[in-house]
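Below is one structure; the comments refer to it alone.
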């Protein structure tokens, strides 16, 4: 297959696995060699093994980092610092896209940045919603309350959970916008001793 033909096949796909577009009449190994050559010449930009975007001059849309984060690991949703930044709750710019997954902890680095995945038990995998990024692409992201709890769960050391000033050091803003009823419900579903202690000391709910 010529690259021009392949480019037409994947034109509507922001992110793709080349083997999904293997022509039925072409040898798989020959096609994989072609893909390797296209990658070598910069025509295909790798995101991770077997997942690519077209070169910036050939693709119709450049996927957002949030959309890429969802596609690198499934299931996953954007959370922690990245989601808090999305909602305007932390002042610093976030460079690493952090997500939560029910699979193992992992991370990827590619030309779009660094993508980190923190593992939660399946019963703690909730509290996310579907939004649209700047290109109209679907993105699963934690809602404000879950992003806040995920952040505390992964970032507050056990030895510091009774120190209110420690949480203040994170400089999380607009906490008054959080739905207290939803926070309480999520705390119960989370079933975390650490978060329970934070709640009893009045630092969360």
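The values are calculated or read from the model by the stated rules, or taken from the named source; none is laboratory data. None of the values given here were measured: they were computed from a predicted structure. With ideal geometry, Cβ positions are generated from the backbone for all residues, glycine too; neighbour counts draw on all protein chains shown.
A few points about this structure:
- Residue match in the stretch 31-46 (condition: modelled with pLDDT under 95, surrounded by 14 or more Cβ atoms within 10 Å (Cβ to Cβ) and under 17 Å from residue 135 (Cβ atoms)): no
- Candidate set: the stretch 33-49, residues that are under 16 Å from residue 9 (Cβ atoms) and not in a strand (DSSP E or B); chosen: the one farthest from the chain's Cα centre (by Cα): 34
- Residue check, residue 73 assigned by TED's automatic domain parsing to the domain that holds residue 183 and in contact (Cβ under 8 Å) with a residue 24 or more places away in the chain: yes
- Test: residue in the stretch 147-167 that is surrounded by 14 or more Cβ atoms within 10 Å (Cβ to Cβ), farther than 20 Å from residue 95 by Cβ, modelled with pLDDT of 90 or more and in contact with a strand residue (DSSP E or B) (Cβ under 6 Å, 6 or more places away or on another chain): no
- Subset of the stretch 121-149 [at positive phi and in contact (Cβ under 8 Å) with a residue 12 or more places away in the chain]: 127
- Within the stretch 9-29, restricting attention to residues that are part of a helix (DSSP H, G or I) and surrounded by 11 or more Cβ atoms within 10 Å (Cβ to Cβ), the residue that is nearest to the chain's Cα centre (by Cα) is 18.
- Options 60, 118; residue that is over 24 Å from residue 23 (Cα atoms), outside any helix (DSSP H, G or I) and either touching a residue at least 24 places away in the same chain (Cβ under 8 Å) or out of contact with any helix residue (DSSP H, G or I) (no Cβ under 6 Å at 6 or more places or on another chain) (or both): 118
- Residue in the stretch 128-139 that is over 21 Å from residue 51 (Cα atoms), surrounded by 14 or more Cβ atoms within 10 Å (Cβ to Cβ) and either touching a helix residue (DSSP H, G or I) at 6+ places or on another chain (Cβ under 7 Å) or at pLDDT 85 or above (or both) present: yes
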